[in-house]
Every structure is written in structure tokens, then in C-alpha cells.
Amino acid sequence: MPKDTGIGASSKRREDVRFLTGNGRYTDDINIYGQTYVHFLRSDVAHGRITSIDTSAAESMPGVVRVFTGKDFEGIGGLPCGWLVTDKHGQPMKEPAHPVLAQGKVRHVGDPIAAVVAESLAEARDAAEAIMVDIEELPAVVDMKKALESGASKVHDDLADNLCFDWGFVEENREAVDNAIANSAHVTTLELVNNRLVANPMEPRVAVGEYNRSDDMSTLHTTSQNPHVIRLLMGAFVLGIPEHKLRVVAPDVGGGFGTKIFHYAEEAFCTFASRQVQRPVKWTSTRSEAFMSDAQGRDHVTKIELGLDADNNFTALRCLTYANMGAYLSTFASCTPTWLHGTLLAGNYKTPLIYTNVKAVFTNTVPVDAYRGAGRPEATFQIERVIDKAARELGVDPIKLRRQNFITEFPYATPVAVEYDTGDYVATMDKLEEIADIAGFAARRAESEKNGKLRGLGVNCYIEACGIAPSKLVGQLGARAGLYDAATVRVNATGSISVMVGAHSHGQGHETAFPQVVAEMLGIPEDQIDIVHGDTSKIPFGMGTYGSRSLAVCGSAMVRATEKIINKAKKIAAHLMEASEADIELKNGQFTVAGTDKSVAWGDVTLAAYVPHNYPLEDIEPGLEETAFYDPSNFTYPSGAYCCELELDPETGKVTIERFSAADDFGNIINPMIVSGQVHGGIAQGIGQALLENCAYDPETGQLLSASYMDYAMPRADDVPFYAVDHSCQTPCTHNPLGVKGCGEAGAIGSPPAVINAVLDALNSGGHKVEHINMPATPSRVWAAMQG
Amino acid sequence: MYAFEVERPTSIADAVAALGREDAQALGGGQTLIPTLKQRLASPSVLVSLTGIAEMQGIRTDDAGLLCIGGGSRHGVVAKEVAANYPGLAGLAAHIGDPAVRNRGTIGGSLANNDPSACYPAAALASKATIVTNTREIAADDFFQGMFTTALEEGEIITEVKFPVPQASCYIKFEQPASRFALVGVFVAKFADGVRVAVTGASNNGVFRWTEAEAALASNFSPSALEGLSASADDMIADLHGSAAYRAHLVGVLTKRAVAAAK
Ligand SMILES: Cc1cc2nc3c(=O)[nH]c(=O)nc-3n(C[C@H](O)[C@H](O)[C@H](O)COP(=O)(O)OP(=O)(O)OC[C@H]3O[C@@H](n4cnc5c(N)ncnc54)[C@H](O)[C@@H]3O)c2cc1C
């Protein structure tokens, strides 16, 4: 029987009531008395030297409050990068300045040059058109390999070249890997591109800065996945505002997908400018601005080589990746292609030797940073593609080849520095074969062929490192912050509870799932518990939501805080029932004394805590509120196996996904419905990457070619099939109290290789000897591949 | 958007007068024009809305048997009302954009705009339609003059479009994956005196007739008549979504499919 409350129940998402009835309160819904509006004048060239800016005409336009340029930000910090990568020569990565408004140069289309603060948005826009900017255009670097050629135009004049870092991992293994590849019975080589994506959350970014002179307090309302991180970065590194004078609020946020993790220039601008003009300053991104100012995702160019012995056991893996950083280092740009990518290259397989070289490159494009999955989709794509290619070359069944090389014993220390605590890759593959009805594929293919269509089936596995992250470890790896999280459980006098959590919910359903955990622990109804998040003045601390960390890290903090509550409540109950604390049990919201029929209700205990007339004041304080910080001891390692089945129209190259199946192991599950929803959304994004989405720049001019939905294809409902998702294979995480692993990114990580493997299977079944096709596999690309 | 005034005439005569004002522009359903204004890519001082003009609404069959569609007719209305009479045209209208677009966008606006990837121009050209304006009647063959260019004079309004109804017809749109406009769209119309094939989405010169296919189909209206025939890739659009060769190839595939599905 499925449960109807607590852990394991598919409780309906309570937040959806306000989202679906138009009652969400998003940042753009915040309007403050006396508010002004800012419009950013952005570069329309990819690379150029600003020779002059004349704002005088703009300043005298109607409604203009003030015009800002880079000059106003001289002496103020630039946007920082949160992760220091040390390259293979022991050198720190290059960290060029990232000014709030351009100083001297513009480095990508959309780079903000000036900002007009005015009484209305229209007036700000009009005035921005009156700013005279002279830009001497410079050659743009777009292609990463060309950017590294000697003599290439330099994105940052003060650097020797466009190389941000040259990272080798595991550097000590390099020679051993070279030898193993050289001595392998078979080596499969694949060159591929992991296409650049635009995150496109439904809600574009918004920032409202507010300054109160009477208490010197700055408040930033912003569309962020992690308000405390923004307070830390902006307060400490950019504007120099101490924590107690800076409040960051991220109310309802309409999707993030990673791109709302980072600290952006517009946030710093609105906070800074509101202090300067002594009025609130609001910025609402248009969709067009989002295309050229939200950090973009992926953009790796990779060569991967897989060595196999005569029995088809994997012997070694060697990779070379060019990772595009864009024009500036965004907040976590440097860690995505390194520590979130290199450490996952073992995948689900016992490959004994692995080496990867990652060259991070500056180009005249929008900065690139973490996007749903961040590094792990890139790792998964290359591993799972090269395995499929190896299977075709060797004439073996791709599922069999995977199974043969699966890691089967846990814990398992990979050759790339991480230790998987639990997993059962055989079980998820067995489950996948069942739910995808792989046995029935041949018959379905025959049916498709009767209709003149090619049918393909593609399978892949994935592993990810979630629950980010053990602070000590990531500190050694270059993180400039800890990655623990925090929760305060505030029990009110009548027994209802507010839980202040550091995790931020922007679609994930925390407001529903987190109370299920507390309800389970206390045995009280879920609706007695509310979650508070997204405001640095209300929550204790928190590193926010990304890397599938909310439940695994913040949820664990919440469990710890709830345990403290239970301990204290038991003391109070013992006092009330005149019993020994050791004999007190809590069940279904009742405290009982073991072996007696004495009991006292949850509400009586909480009331006693706040009306301490009959209360052990000599031993414990009144009140019932506890905070816990939780720092995980390891990452969590969700894993799974995915299958895509599609039809391909050989006349047009158009691919239609007919079936998509996902068997995931997320460890223990709090709310199965929410988990399925996360997987559905992730797969839709993965299918988007595989078949539709393509952020393209003109290779000569650096102009963004896919700058709107007219050219950037997002997946629509009819692009995706009904999914078969299963998460019944559960190997609980061994090191967090809930045994949970995280499920937010799996779908986006696990689906692109399955789709491309299926496209290639379809093509090869039709006699087209195509070895690889780059994403997105659009009809025109598929057709071109068929032409040979 | 820049500031502008709006006029809402209720007759064609008043609309023509209003369009005589400096920098005035006609506003149909606004599905092309409004996004352009929002991007500040145009700055008319007066928008003359054509949606309140009763004379430009309504669909009828005239004495000569022509299907006459008011220039202000919305795509959704056309899709519904001509379904029985001219299924090829109804099918085309039913697949323009999404319901919101179809409930606002108009046939007159679409033809006047002559987007190289728009659907209606293919229907008008393949059906030998006549574009009726406030001053004259223009044959479709003379109306379309290349990407975003038509025979319309400044301030001239499309008031009606007259379609001869073919014996059989079909429009097949191969969607550009992002916009879902036509990457290539082919309209095939079979009349007693011949076959017309109009292609949209493919050419740098906008909608065009594939005359070789027309000739082949005239004597044998079946997909097999097109065997071995291919459209030339010269002057075809090449962009992110497909090469010129791919578009030329699609012209052949879609024409065959349209012939097979024509009814
Ligand atoms: C999301 C989306 C998807 C779309 N998909 C498609 C598609 O798949 N296929 C397709 O063909 N189109 C598509 N369109 C375009 C749509 O069909 C437009 O409605 C059409 O192109 C313009 O018609 P309108 O009435 O909206 O004209 P408006 O936008 O109002 O005007 C367009 C131009 O025509 C002029 N004009 C308007 N009416 C007249 C008239 N009666 N006489 C003279 N000039 C006039 C205006 O001055 C303006 O220059 C799409 C649009 C959107 C927004």
C-alpha cells in the first residue's frame, strides 16, 4: 500500500496552488514605492575597444535619474569566480577582471556598457538610445581551437593568451594511461561536441535593489537559487557590504536550471545604484536579454579514446576536452569542466586507468557555467557514446558490453578520486530492459520498416555525483566556499512548525517534500509544517539549491535539527509525565512512557515549552527551536539506465521519439510523484539538447545566431513521448541520515546519449554507416549524415 | 516599443484616410508587427487597426464560384469555415503558429508581410488567387516580389483574397524546429486545366512556383510523375536550420507527399 502521508507518500505539491492560480509572488511582482527602472545598453559587437562614451544627451532626456558607465565602478570589485582551478603545471587559472559595466573593452554581444536609471522603463530605454558610444571593433574569437592559435585576437589584453587553464587529471596517471591505450587490443576513438545551450527558465532574471539610509541597509530582491551565496559574493567581493547590512531575498523563482546560481552584474548594479540614487532600482530582463546575458551551458569539444582488451574489458580511457568559458569566468565556470566532469569519467564501469586533459578557453561569447547536470552530462555523453561506438566496431551487443564492465562491488574507489558508496547497476539495467520492453523491439522495428521508417534503440547508463559537497574535500580542490547547509526548526506554542531552510525551491517542490520528512519524524500531519526559504534575514544560512543537493544536504540538516527538537521535547514530556527521559517514546504525535499507558500529546509538550509553568526550567531553556548545520562526508551517487526508442524518416531525416524509459536509483525516496516529475523534466531537457537546442554564434563575427525562440528550439510537449520512469531500484546512500541521493539532474544527464545512440542505431539499421552525429540531431544534420 | 497613436476605423474608406497620415501603418492581427515594435525595429507614429472593419470580414463564394475571404479574416476562422469547401487551404490555416496566433493573425497581414517562410503565400500562388485591395485586383503571380516584398503600394490595404477552388489540393509544411514556420512548405493544387505547385520557406526570393513539377504533374497527377525530378539548390536559403541542398531535397519529398495526400 502506498503511504498517504510522510516519507514515501506522493503528497500533492502544495506550492502548486499558488503557482497554478496566478498567486505566485515572483521578483517582478515586487514593486517598491519610489522605484526607478534601469535599462542596460549592451554591446552589439562581440569584441571591441570602447574609444568614447558620451552620456550628456541621455542625461538630459525626460525622466532620467542617472546614467552609469564603467567609470562609476572603477575601484569597485568585479564579479568573482568561486572556484580556483590549479592547472597541470601547478599554476592557478587566469582570472581576468569581470567588471559590472564594461571598462575599456566589450567582450561579447550583450556585454553591458552603460545603464540608465529613469522614472519609467520606456524613458530609460529612450535615453539609452541617446548614449553615444564609439567602439573600435576587434576580431572576435569564437572557435576554441582557433582562439588558442598563436596570434589569435585576445579576449583579455592583460593575459598572455586565451587559455584560462590547462588541467590534467589524474596527472600522475597520464603515462600509465598512454601505455595502457597503446597496449590495448582495441581502441575506439570518438570526437564529439557537447553543444552549447541556453538555459531558458520560464521566468527571466529580475533584480530590485533597495537602500534604506536610516539604517544603512541594502536589500536585493533577485531571481536566485541561493540568496546567501549572492550575499556572500556581492557583499564581500564586489560592493564591500557586511552581511548584517545586506539582505538578499529570492522569493518565488520560476525555474533556474543552474543559470540562477551565479552572481550577475545586474544584481550588483541594482544594489549599488539604489544606494547612489537613494531610490529602489529595478531591472527585469527581457527574453532577448536573457539570451545574451544569462550564463549558458555545456560547450565542450572532446576527443575520447577507450581501450579494450581481447575480452572486451575496458583497459583505459583518455580524453581531451576544450571547454568554453565565454568572455568572463562566471561564478562556477571553472569547476564545471574539471571537478564536476573529470571525477565522473569512470561512469558505471571498472575502467582501471583514466586521464583527461581539459583546456578552458576564453572566447567572445556569453559566459558559460553550470547548467542542469553541469559537467556530468558532458562526462556521461562521451563515455556512453564511445562505448556504443566500441560495441558497433566490435560487433557486440552494447548492453552486454556495458554489463560486462559494470562496477559490481561497493564501496568502489574510482581511479578519478571519488568513492561510490552504493549502487546496483545490474539491477537498474535489468529494470530498464523490462520497462523498455527491449525484447519486443525487433517486432516494433519490423513494423516501422513496413511503413518506410527506420527504427532505432539506444541505451546508456549514467552515474552522477550529487549532494554537493563535502566542504573539506572541495576546499582542497579549489572551492572558495564551504558547501554544507543549514536548517532551523521552529516549533510554535501550539505545535505547528516553521522550518527555515538554506535550500531554495524554484520548482523542486521543497515546500511539500521537506515537511513530509519532519511529519514522519514527529508523527504529526504535514500541514502542521511549513517551509521558509529564500530570504537571508529569515533563514540561518545556506548554500542554496543546485547539484541535486537540497534534500541530501539541507534535508539532512533539517533531520539533525528535528532530532534535537525530539530530544528536547522528550525531556519536557518526561517532566510532564514524571517519568525517566530514557523511557519516553514518540509515536504518531504522542509521547508515551514505555510499559505504561501514560501519554501526552505533541501539542501539550510544545505549549509547555512556551508557557513554562510546569517545566524543568533548572535543566532546560523554554522554547522549542533548534538549528543544525550539516556537512556531508561524501557526494551521493545516483545512477541509472535509460533507453530511447525512435523512428527516423529516411526521406527527411526527421526523428520522432516513440518510447523513452528511465530506471533510476535515487536511494530512498521521500515523494515518488515529485521524483517522477523531476525525471520527466530532466529528460525533456536532455531530449531538447539531443534533438533541438543549439546555441550558435557566427564563427566570424561572434553574433549570436540563435538569439530568440525563432531560431533557438526549445522542446515542446509534442516533441517528447510519454515516459516510463521507474525508481524502485534503491540502494540508499550510506552517509546521510535520509539515505537519499538526489534526483534533480538525472534526467538531463542520462538522456542525451540514449537519444543519439538510438539515432545511430536507426541509421545503421538502414545501411547508413554513420559513426557519430553531433547534437542537436536536427533533421538537416541527420539527412546530411545519410548523404555520407 | 516607441509611443504611437492607434486609430480604429470601421470602414475601408476611413482606414485608407487614416493611413494617409504621416508614418501610419496598418495593423492586422499584430502577430508580426507587434513583436517588431517591441524590439523597436519599427517606429510608426500611427497604427491603423483593421480589425474593426466589417467589410474585411467574412467568407463567401461569389457568382464565379470563387472562394472570397475577407482580408481581415483570422487564421482560425479560415481553418474552420473553409474546411468543407477547400480542405487544402483550411489545413494550411489550421497549422499556422499556435491557437493564440491563429486567433489574431490575419490572411491579409500574412500576405502583405510576405515572409519567405510564411504559409499563406504558397496557397495564394498555387491557387492562382487574386489579391483584392482598396484600389485594384492583383493576380498572385504578380503580387509576390521576393522576400518581404509585394506589389502593394504605400497605404494600400488587402481587403479580400479570391481563391479559385482546385479539384484537389494539399499543403505540407516541414517545420523549422524552433519557429515552426515553414523550413519548406509545398502547396499543390490540381485544377481542370493544370497543376500548380508553390513552394515557400526555401528560396532567397520568397515563394515560387516549381514549374518542372507542375509540367510533370499535369499529365500524371501522382507522386511517381516526380520521380527523378529535383528542385535546384541555387538561390535556396541556407541557415542554421538547413543547407540549400537540404531545402532543395525537401521540396521534392514534400511535393510527392502533397500529391499523394491531395484531396
Ligand atoms: C508564434 C508565431 C508563430 C507563427 N507561425 C506561423 C506559421 O507557422 N506560418 C505562417 O505563415 N505564419 C506564422 N506566423 C505569422 C502569423 O501568421 C502572422 O499573423 C502573419 O504573418 C501576419 O498577420 P497579422 O494579421 O498578424 O499582421 P500584422 O502583424 O498586424 O501585420 C503584418 C504586416 O502586414 C501589414 N498588414 C496587416 N494587415 C494588412 C492588410 N489587410 N493589408 C495590407 N497590409 C496589412 C502590416 O502593416 C504589417 O506590415 C506566426 C506568428 C507567431 C507570432
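The values are calculated or read from the model by the stated rules, or taken from the named source; none is laboratory data. These numbers were taken from a predicted model, which means no experiment stands behind them. Positions of Cβ are backbone-derived with ideal geometry, glycine not excepted, and every protein chain shown enters the neighbour counts. SASA here: full protein model, heavy atoms, side chains in, ligands and nucleic acids out. Shrake-Rupley method; radii C 1.70, N 1.55, O 1.52, S 1.80 Å.
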Query raised in the report: Would you pick out the residues in region B:181-215 that are surrounded by fewer than 22 Cβ atoms within 10 Å (Cβ to Cβ) and outside any strand (DSSP E or B)?
Result: B:F181, B:A192, B:D193, B:N204, B:N205, B:T211, B:E212, B:E214, B:A215
Query raised in the report: Regarding A:A481, is this residue within 29 Å of A:H533 (Cα to Cα), without any contact (Cβ under 8 Å) to a residue 60 or more places away in the chain and not polar (S, T, N, Q)?
Result: no
Query raised in the report: In region A:390-401, is there at least one residue being within 20 Å of A:G342 (Cα to Cα) and touching a Ser or Thr at 6+ places or on another chain (Cβ under 8 Å)?
Result: no
Requested in this report: Have a look at A:G702, A:G686 and point out the one that is on the phi > 0 side of the Ramachandran plot and open to solvent by less than 40 Å² (accessible area, probe 1.4 Å).
Outcome: A:G702
Query raised in the report: Looking at A:G63, A:G104, A:G75, which is the one that is open to solvent by 20 Å² or more (accessible area, probe 1.4 Å), within 14 Å of chain B (Cβ to nearest Cβ) and at positive phi?
Result: A:G63
**Report entry** Exclusive hit being within 14 Å of chain B (Cβ to nearest Cβ) and among the polar types (S, T, N, Q), set A:N668, A:N694, A:N736
**Finding:** A:N694
Query raised in the report: Counting just the residues of region A:632-658 that are more than 16 Å from B:E175 (Cα to Cα) and aliphatic (A, V, I, L, M), which one comes out nearest to the other protein chains (Cβ to nearest Cβ)?
Result: A:I657
Query raised in the report: Within the bounds of region B:2-20, is there any residue that is modelled with pLDDT under 95 and either within 14 Å of chain A (Cβ to nearest Cβ) or open to solvent by less than 70 Å² (accessible area, probe 1.4 Å) (or both)?
Result: yes
Report task. Would you mind finding the one in B:V188, B:V161, B:V184 that is in contact with a Leu (Cβ under 8 Å, 6 or more places away or on another chain), more than 14 Å from chain A (Cβ to nearest Cβ) and within 13 Å of the ligand (Cβ to nearest atom)? Result -> B:V161
Query raised in the report: Can you tell me which residues in region A:116-169 are part of a helix (DSSP H, G or I), open to solvent by less than 60 Å² (accessible area, probe 1.4 Å) and within 14 Å of another protein chain (Cβ to nearest Cβ)?
Result: A:A122, A:E123, A:A124, A:D126, A:A127, A:A128
Query raised in the report: Residues of region B:210-236 being out of contact with any helix residue (DSSP H, G or I) (no Cβ under 6 Å at 6 or more places or on another chain) and touching a residue at least 40 places away in the same chain (Cβ under 8 Å), which ones?
Result: B:W210, B:F221
**Report entry** strands (runs of 3 or more DSSP E) within region A:545-633 that include 1 or more residues of a type in the set (G, A, S)
**Finding:** A:599-601, A:625-630
**Report entry** Unmet requirement for A:L79, which otherwise passes all of (1) in contact with a strand residue (DSSP E or B) (Cβ under 6 Å, 6 or more places away or on another chain); (2) assigned to a loop (DSSP other than H, G, I, E, B); (3) closer than 24 Å to A:K282 by Cβ
**Finding:** (1)
Query raised in the report: Out of (1) within 14 Å of chain A (Cβ to nearest Cβ); (2) within 11 Å of the ligand (Cβ to nearest atom); (3) touching a strand residue (DSSP E or B) at 6+ places or on another chain (Cβ under 8 Å), the odd one out for B:I172 is which?
Result: (2)
Query raised in the report: Quick check: is even one residue across region A:493-501 among the small types (G, A, S) and not in a loop (DSSP other than H, G, I, E, B)?
Result: yes
Query raised in the report: Is it true that some residue in region A:676-683 is away from chain B (no Cβ under 11 Å), in contact with a Phe, Trp or Tyr (Cβ under 9 Å, 6 or more places away or on another chain) and open to solvent by less than 10 Å² (accessible area, probe 1.4 Å)?
Result: yes
Report summary line: Checked against (1) surrounded by fewer than 17 Cβ atoms within 10 Å (Cβ to Cβ); (2) touching a residue at least 60 places away in the same chain (Cβ under 8 Å), B:Q167 satisfies every condition except (2)
Requested in this report: Could you check B:S179 against (1) farther than 20 Å from B:G91 by Cβ; (2) small (G, A, S); (3) within 16 Å of the ligand (Cβ to nearest atom) and say which number it fails?
Outcome: (1)
Query - Selection from region B:231-263 of residues that are hydrophobic (A, V, I, L, M, F, W, C), part of a helix (DSSP H, G or I) and touching a strand residue (DSSP E or B) at 6+ places or on another chain (Cβ under 6 Å) - result: B:A244, B:A248, B:L250, B:V251, B:L254, B:A258, B:V259, B:A261
Query - Unmet criterion (only one of (1) surrounded by fewer than 18 Cβ atoms within 10 Å (Cβ to Cβ); (2) at positive phi) for A:G110 - result: (1)
Query raised in the report: For B:A218, are the conditions met, namely being part of a helix (DSSP H, G or I), more than 23 Å from the chain's Cα centre (by Cα), more than 14 Å from chain A (Cβ to nearest Cβ) and crowded, with 16+ Cβ neighbours inside 10 Å?
Result: no
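For every residue, the table says whether it meets (1) more than 25 Å from A:G744 (Cα to Cα); (2) touching a residue at least 12 places away in the same chain (Cβ under 8 Å); (3) in the same structural domain as A:A176 (by TED's automatic domain parsing); (4) in contact with a Lys or Arg (Cβ under 8 Å, 6 or more places away or on another chain).
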position: A:V238; (1), (2), (3), (4): yes, yes, no, no
position: A:I241; (1), (2), (3), (4): yes, yes, no, no
position: A:V248; (1), (2), (3), (4): no, yes, no, yes
position: A:Q276; (1), (2), (3), (4): yes, yes, no, yes
position: A:L308; (1), (2), (3), (4): yes, yes, yes, no
position: A:H341; (1), (2), (3), (4): no, yes, yes, yes
Query raised in the report: Taking the condition free of Cβ contacts under 8 Å to residues at least 12 places away in the same chain, out of contact with any His (no Cβ under 7 Å at 6 or more places or on another chain) and not polar (S, T, N, Q), does A:E563 pass?
Result: no
Query raised in the report: List the pairs whose first member sits in region A:4-29 and is closer than 10 Å to A:D252 by Cα, whose second member is exposed (fewer than 14 other Cβ atoms within 10 Å of the Cβ), and whose Cβ atoms are under 7 Å apart, counting only residues at least 6 apart or on separate chains?
Result: A:G24/A:R18
Query raised in the report: Among the residues of region B:145-157, is any more than 14 Å from every other protein chain (Cβ to nearest Cβ), at pLDDT 95 or above, more than 9 Å from the ligand (Cβ to nearest atom) and buried (at least 22 other Cβ atoms within 10 Å of the Cβ)?
Result: no
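Given the criteria assigned to a loop (DSSP other than H, G, I, E, B) and open to solvent by 40 Å² or more (accessible area, probe 1.4 Å), does A:A346 qualify?
It is false that A:A346 is assigned to a loop (DSSP other than H, G, I, E, B) and open to solvent by 40 Å² or more (accessible area, probe 1.4 Å).
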Report summary line: Of the residues in region A:745-788, those that are of a type in the set (A, V, I, L, M, F, W, C) and within 14 Å of chain B (Cβ to nearest Cβ) come to A:M775, A:A777, A:V782, A:W783, A:A784, A:A785, A:M786
Query raised in the report: What is the residue count in region B:98-117 for residues that are more than 6 Å from the ligand (Cβ to nearest atom), aliphatic (A, V, I, L, M) and open to solvent by 30 Å² or more (accessible area, probe 1.4 Å)?
Result: 1
